[in-house]
Protein chains: 2
Amino acid sequence: MIGMFKQATNKRVAVFFASGLEECEALILVDLIYRAGIPCDKVSITGEREVTGSHEITITCDCTIDDAGFDFEAYDMLVLPGGLPGTPNLAACEPLTRALKTFAAAGKEIAAICAAPSVFAELGLLEDRYATSNPGFQEVLAKYGAHVLQDSVVVDGNITTSQGLGTAIDLGLALVGKILGPEDVEDLKGKIVYQGA
Amino acid sequence: MIGMFKQATNKRVAVFFASGLEECEALILVDLIYRAGIPCDKVSITGEREVTGSHEITITCDCTIDDAGFDFEAYDMLVLPGGLPGTPNLAACEPLTRALKTFAAAGKEIAAICAAPSVFAELGLLEDRYATSNPGFQEVLAKYGAHVLQDSVVVDGNITTSQGLGTAIDLGLALVGKILGPEDVEDLKGKIVYQGA
């Protein structure tokens, strides 16, 4: 099955899996990025490669942040899915939050969906930036100085945010568009029979 | 995390996992059905509970059809995700195809997405029925006597079909609507921030 992957770029994406994550928010992003030919790792922050989400779905990740040799700097984009308690679990992961701050300061790409943009907000990364999130977390974004928009996906420079499972395909397409380009996005939309966005 | 599930019905759904399935087509359905409070099992047809899909995502299923005591008759709806070679793997699983024929003949609910409606077609279940599938498989449906429509989801009595990953949320909402009702679908759309369908 590995033969299905046709690498289209040397850029590399990490999607972070915490216990209690929204499984499909994470996997839709992984799936679309993989289909587009962008190397993408499912990275567990739990210390175990098996991670169980908030709907009792267990996924086997490619690696964990505790693996010898794991290096955030090997990636060009860091992505946070939402979910409860997945999101507070991500926020409590110090190696991850340190890397997010480093990426944001360097203008490198970070993205989050659903509850997870609140992690960016609490780190001070959304101050005076345009962003969105699940409606239930937008007041957290506003409290930390974000300009909250109601679009399904908001791109402000190197920071991309989105609202929830129902907007996960739109976010996946936006991330593919950032790394590759609009033609690849149109191609992907055809392949998955998607009418939205 | 089990506490998150609030059971809304005694009806029970089985989603079948074959090697090389479209992981997110399966999991979006599982996720939406779970959120709606409908008991749903991820059922492996591989003999192992760990199943790897066509995008190298490995999922742990709840059971396998080889488990002692596994009984198709315990379910009210059988659901097939697509994918290659997931779909031919489903088609080659005799206990499953036998159950699909029994369900169809009894007017019990069956559903499929992407390439998988071709399994129904080849079993003769779509003769003179309205249906859809991934565009690449619609000629198989037509060959076996289906009236092929281009809607994202087609409901013809007890048989529901859909086109691909980009229509999986629409299919999940339709299946929830069949088991529960339109109010539950609207509630779910709000929770996942979904503008489509």
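List the trypsin sites (Lys or Arg not before Pro) in region B:55-147 that DSSP assigns to loop (not H, G, I, E or B) and whose Cβ has at most 15 other Cβ atoms within 10 Å. Which are they?
For trypsin sites (Lys or Arg not before Pro) across region B:55-147 that sit outside H, G, I, E and B with at most 15 neighbouring Cβ atoms in 10 Å, the list is empty.
Listed by chain and number, the lysines placed with their C-alpha closer than 23 angstrom to that of residue B:178 are B:6, B:11, B:42, B:101, B:108, B:189, B:191; residues fewer than eight positions away on the same chain are left out. DSSP finds beta bridges in the protein assembly as shown, and of those with both partners inside it, around 30 percent are antiparallel. The spacing between region B:97-170 and region A:119-197, judged by their C-alpha centroids, is 34 Å. Sorted from closest to farthest, the other copies place their residue A:130 label points 4.1 nm away, with each point set 7 Å from Cα along Cα→Cβ.
Looking at region B:1-73, the DSSP beta bridges with both ends there are about 30 percent antiparallel. Structural descriptor for chain B: relative contact order 19 percent, calculated from alpha carbon pairs under 8 angstrom and at least 6 residues apart. Expressed as a whole number of Å, what is the distance separating the alpha-carbon centroids of region A:35-65 and region B:1-77? For region B:1-77 versus region A:35-65, the Cα centre distance is 18 Å.
The ranking of B:32, B:149 by Cβ neighbour count inside 10 Å, starting from the fewest, reads B:149, B:32. Among beta bridges from DSSP that stay inside chain A, the antiparallel ones total about 25%. When every Cα-Cα distance of the protein assembly as shown is counted in 10 angstrom steps from zero, the calculated P(r) takes the values 5, 25, 34, 24, 10, 3, 0 percent. Loop-resident trypsin sites (Lys or Arg not before Pro) (DSSP state other than H, G, I, E or B) in region B:7-77 with no more than 16 further Cβ atoms inside 10 Å of their Cβ: B:11, B:12.
Helical runs (DSSP H, four residues minimum) scored at -39500 (n - 2.57) apiece and divided by the length of chain A put the mean residue ellipticity at 222 nm at -9500 deg cm²/dmol.
Mind sorting B:44, A:133 by how few other Cβ atoms lie within 10 Å of their own Cβ, fewest first?
Details: B:44 23, A:133 31.
In order of increasing Cβ crowding within 10 Å: B:44, A:133.
A short reminder: the numbers here are calculations on the coordinates, not readings from a lab. What you see is a predicted model; the values in this text were computed from it and never measured. Note that each Cβ is placed from the backbone with ideal geometry, even for glycine, and that neighbours are counted across all protein chains shown.
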